[in-house]
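Take a look at the structure below.
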Amino acid sequence: MNNMKINEIAERIKALREILDITPEEMAEVTKLPIEEYLAYENGERDFSFNFLYNCSVRFGVDLTEIITGENPRLNLYSLTRAGKGLPLERRQGFKYLHMAPMFKERKSEPFIVTAPYKEEEQDKEIVLNSHDGQELDYIIKGSLKVNIDGHIEIMNEGDLIYYDSSHPHGMIAVGGQECVFMAFILK
């Protein structure tokens, strides 16, 4: 994400927090971060992770799209997103997300196509874990993914699907020498 986009999102987060009369300390707790780190995000000093943005949207009671773009979703019959399109969101770990229905209002899930880069240096390290409210379904389209859900390790390949309680710590890395592309549905 470029600096201008980061600053725009940071301004929206701060404005929503202030409008809703929520303290930075409460938001630090909601986002599971130390207060200094939360404030760095809110001040536009750090690039946003999906988990941070998702947890903010849930606490503020607004759509994730509104935080990312400043626009409210308007569609209520259907939403069509063409191949390779979607609302891009990049995680600090290098994961690239394409939100596949950003303008459909009152979604019951957040559908993404996710590209996890293969990184040799991650293969023998602990997988970074995150958590967020709800449940998640991940379906492998291409490549292989090593998933850690609360200490349970699974290797997933093309066509495999996993469904889990995402309030438990979870994380994943691409394995097998190539990037992994998967469909992720985050259910509220």
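Brief remarks on what is shown
- Solvent exposure of region 1-103 as accessible area per residue, Å², 1.4 Å probe: 53
- Largest-first principal axis extents, alpha carbons of region 55-141, Å: 45, 31, 22
- Each Cα pair of region 79-188 feeds into the Kirkwood radius, which the Stokes-Einstein equation turns, at 25 °C and 0.890 mPa s, into a diffusion coefficient of 172 µm²/s.
- Look at the alpha carbon pairs under 8 Å that are at least 6 residues apart: their mean separation over the length of region 1-140 gives a relative contact order of 19 percent.
- Formal net charge of residues neighbouring residue 167 (Cβ-Cβ distance under 14 Å; K, R +1; D, E -1): -2
- The equivalent ellipsoid of the chain has semi-axes of 27, 20, 15 Å, largest first, where each one is the square root of 5 times an eigenvalue of the Cα gyration tensor.
- Long pairs among 119/146; 119/142; 108/146; 5/96; 105/188; 32/125, criterion Cα-Cα beyond 20 Å: 108/146; 32/125
- Under the span-like rule (Cα at least 20 Å along the axis, Kyte-Doolittle mean at least -1.0), DSSP H helices of the chain: 3-19
- Peptides 68-77, 167-176 ordered by packing proxy, namely the average of other Cβ atoms within 10 Å per residue, highest first: 167-176, 68-77.
- P(r) of region 139-187 over all Cα-Cα pairs, binned every 5 Å from zero, in whole percent: 5, 23, 33, 24, 13, 2
- Other residues lying with their Cβ under 14 Å from the Cβ of residue 154 contribute a combined charge of -3, Lys and Arg counting +1, Asp and Glu -1.
- Sulfur and carbon atoms: percent of accessible area, the chain [1.4 Å]: 50
The values are calculated or read from the model by the stated rules, or taken from the named source; none is laboratory data. Model, not experiment: these values are computed from the prediction. When we count neighbours, we look across all protein chains shown, and the Cβ atoms used for this are built from the backbone with ideal geometry, even at glycine. Just the protein is used for accessible areas: all its heavy atoms, side chains included, with ligands, DNA and RNA removed. Shrake-Rupley method; radii C 1.70, N 1.55, O 1.52, S 1.80 Å.
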